[in-house]
Structures are given as structure tokens and as C-alpha cells.
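Since the structure comes first, as C-alpha cells, the remarks are kept for the end.
The values are calculated or read from the model by the stated rules, or taken from the named source; none is laboratory data. Only a predicted model underlies this, so the values are computations on that prediction, with no experimental measurement involved. Note that each Cβ is placed from the backbone with ideal geometry, even for glycine, and that neighbours are counted across all protein chains shown.
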Amino acid sequence: MTNKTRNNLYLDDETMAYIEDYKEETGVSFNGQMVDQICREHQALLGQDRSREYIMRLMAEHFQEMFAEEMKRFRLAANRSDKNTQVLLELMNGFAMDQNLESCITTPIFESQAVKDAKEAVEERISNQRQKKISVEESQATSSR
């Protein structure tokens, strides 16, 4: 049996009404027992909150670990694309300067055969990369079984 200490408490009317209502719901006879039960329930809830926080932290770390490599690949691909775009821009600017071009006909107005060929080459390269990636993933899945 636990030790008990007598203590006079001053509680506001709302708190006393809550304790009385809760006593009726639970069948507890005495106010002291009810306050003990409320405190135990509160401690249990705090423990659950801490457990949830811990689990959420673990999940966040795991998620970050799982996707860190993918995010790195995305950053590298974006950097490569940005670099390639800047190089092309510089080359096109140099070409326009060399040719003394004052204006430009945009592709919605007219698309040259060279641009069409370049688009096809890029689309084929992307498709080949996708096929390579799918083949690698399938071989990894087969070997892990």
C-alpha cells in the first residue's frame, strides 16, 4: 500500500465540478482517489506523447536516410542541367554576335529541322537512360530475392 499525505487544497468551482462529474462516471468514492486517478492518467498521457515524439523523430530520420541518395541525385542532375543550359546560352550568344543577329525567329513561329533533330536525339537519350535504369532495378530486384 502507498503512503498517503493529507493535504488541504483550494480548487476553483470548475475543477470541483469536473472532479465530481468524473467521480460519477468512474464510480470513485472520494475526491482524493479521483485526483490520484487523474494524475495517473495525466502521467500516462505524457508518456504516450513522449513515445509518439520519439517515434516521429525516428521516422523522420529514417525518411531522410532513405531519400538522401535520391535527393543528392536530383541536385546533381539539376546542377548538370543548369551548367549545360548556361554553356548553351553562352554559345548561342557568341553565335548571335558572330552572325550580327539583331532578332530571332522563335520555335513557335518556325522550328528548323536542326531543332527537330536535336529534340529527337535528346528524347532518345532520355528513353535509353530510363531503360538502363529499369534494367538495373530489375536485376537488383532479381538478385535480392
Matching entry among Gly32, Gly27 (being out of contact with any strand residue (DSSP E or B) (no Cβ under 8 Å at 6 or more places or on another chain), among the small types (Gly, Ala, Ser) and modelled with pLDDT under 90): Gly32
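Could you say which residue among Met16, Met92, Met56 is under 29 Å from Thr2 (Cβ atoms), part of a helix (DSSP H, G or I) and out of contact with any strand residue (DSSP E or B) (no Cβ under 8 Å at 6 or more places or on another chain)?
After ruling out the rest, the residue left standing is Met16.
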Among the residues listed as Phe63, Phe74, Phe95, Phe110, the single one being modelled with pLDDT under 90 and surrounded by fewer than 10 Cβ atoms within 10 Å (Cβ to Cβ): Phe110
Can you work out which of the residues in segment 19-53 that are assigned to a loop (DSSP other than H, G, I, E, B) and hydrophobic (A, V, I, L, M, F, W, C) is nearest to the chain's Cα centre (by Cα)? Val28
Which condition breaks for Phe110 when tested against (1) hydrophobic (A, V, I, L, M, F, W, C); (2) over 25 Å from the mean Cα position of the chain (by Cα); (3) part of a helix (DSSP H, G or I)? (3)
